[in-house]
Amino acid sequence: MNPPTPPDLHPVEAQVRAWLESIVIDLNLCPFAARPFRDNRVRVLVSEARSGVELLTDLQLELARLADTPPATLETTLIAIPNFLADFLDYNDFLDDVDALLDQYEWSGEFQVASFHPHYQFAGTLPTEAGNYTNRSPVPILHLLREDSVAAAIDSHPDPEGIPEANVAKLEAMSLAERRRLFSFLKPD
């Protein structure tokens with residue numbers, strides 16, 4: 001689907017791109033991801049941040065890049081965070097800082113941030129429930145999305161409200177062995 005991975009690609013970026021292609025796109029967890037990925041309009045930034053201030057700086061700079069770049073050139077960015085926020089609760093708490101940054105720079109309504117984490121767990125679920133895998137990724141990720149693009153994608157989809165339920169059903173239909181193979185980058189349940 002995408003051109004071959006360049007040999008000088010950061011290993012974390014290669015891992016995130018493989019996850020994006022083999023899980024998010026191939027399982028159609030996000031029916032809107034394939035086209036920008038195929039058109040090379042998805043940027044993966046590997047953040048070397050080890051603190052909240054460093055990560056918020058990376059986030060601010062990347063949002064400014066998106067604001068200054070037309071969607072036909074750059075649709076979306078995934079910020080991969082290999083050295084910080086390994087604990088899901090810490091990551092989840094940090095999302096409040098992300099929202100505050102969006103408000104501070106008046107980007108709320110222009111951009112939104114989707115969250116992915118190796119230990120993602122929806123409220124009210126057990127860690128081993130299949131539905132949590134819809135948001136599990138190789139490393140913590142902040143996915144920067146353009147609100148206009150999200151709105152257009154939702155408007156073009158016949159059943160946008162049914163996407164999460166369909167995704168959970170796909171993952172529940174898999175055996176534990178199939179999920180472990182597909183998500184081999186995660187620690188076993």
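Every number here is computed from the coordinates shown, using simple stated rules; none is lab data. Note that the structure is a prediction, hence the values are computed from the model and not measured. For neighbour counting, all protein chains shown are included, and Cβ atoms are generated from backbone atoms with ideal geometry for every residue, glycine included.
Using a Gaussian network for the chain with springs between C-alpha atoms less than 10 Å apart, which of these wobbles most: 72, 86, 34?
Top of the fluctuation ranking is 72.
For Cα extents along the principal axes in Å, the listed values are (1) 44, 39, 37; (2) 108, 41, 36; (3) 45, 38, 32; which was obtained by calculation from the structure presented?
(1)
Using +1 on the beta carbon of Lys and Arg, -1 on that of Asp and Glu, and nothing else charged, what's the dipole of region 117-189 about the Cα centre, debye to 20?
On the way: 7 positive and 10 negative charges, 112 e Å.
Dipole about the Cα centre, nearest 20: 540 debye.
Counting helices only, and only those DSSP H runs with n ≥ 4, report the 222 nm mean residue ellipticity of the chain as the sum of -39,500 (n - 2.57) divided by its residues, in deg cm²/dmol to the nearest 500. Each step should come with its number before you reach the end.
Numbers: 7 runs with 76 residues, N = 189.
Rounded to the nearest 500, it is -12000 deg cm²/dmol.
In region 25-154, what % of DSSP beta bridges are antiparallel (nearest 5)?
For region 25-154, the DSSP antiparallel bridge percentage is about 60.
Restricting to DSSP loop positions (anything but H, G, I, E, B) with no more than 14 other Cβ atoms inside 10 Å of their own Cβ, which GluC sites (Glu not before Pro) remain in region 42-105?
Filter output for region 42-105: 48.
Let's see if you can work this out: charge +1 on each Lys and Arg Cβ, -1 on each Asp and Glu Cβ, no other charges. What is the dipole magnitude of the chain about its Cα centre, in debye to the nearest 20?
880 debye
Run through region 82-165 and list the GluC sites (Glu not before Pro) located in a DSSP loop whose Cβ has at most 11 other Cβ atoms within 10 Å.
Answer in residue order: 106.
For a label point 7 Å from the Cα of residue 110 along Cα→C-beta, name the residues of region 59-81 whose backbone N is under 17 Å from it.
Output list for this probe position: 59-77.
Apply 1/(1 + (r/R0)^6) to the Cβ-Cβ distance of residue 60 and residue 21, taking R0 = 25 Å, and write down the FRET efficiency to the nearest 0.05.
That pair, residue 60 with residue 21, gives E of 0.35.
Given a cut-off of under 8 Å on Cα pairs at least six residues apart, what relative contact order in percent is computed for region 11-181?
The normalised contact order for region 11-181 reaches 22 percent.
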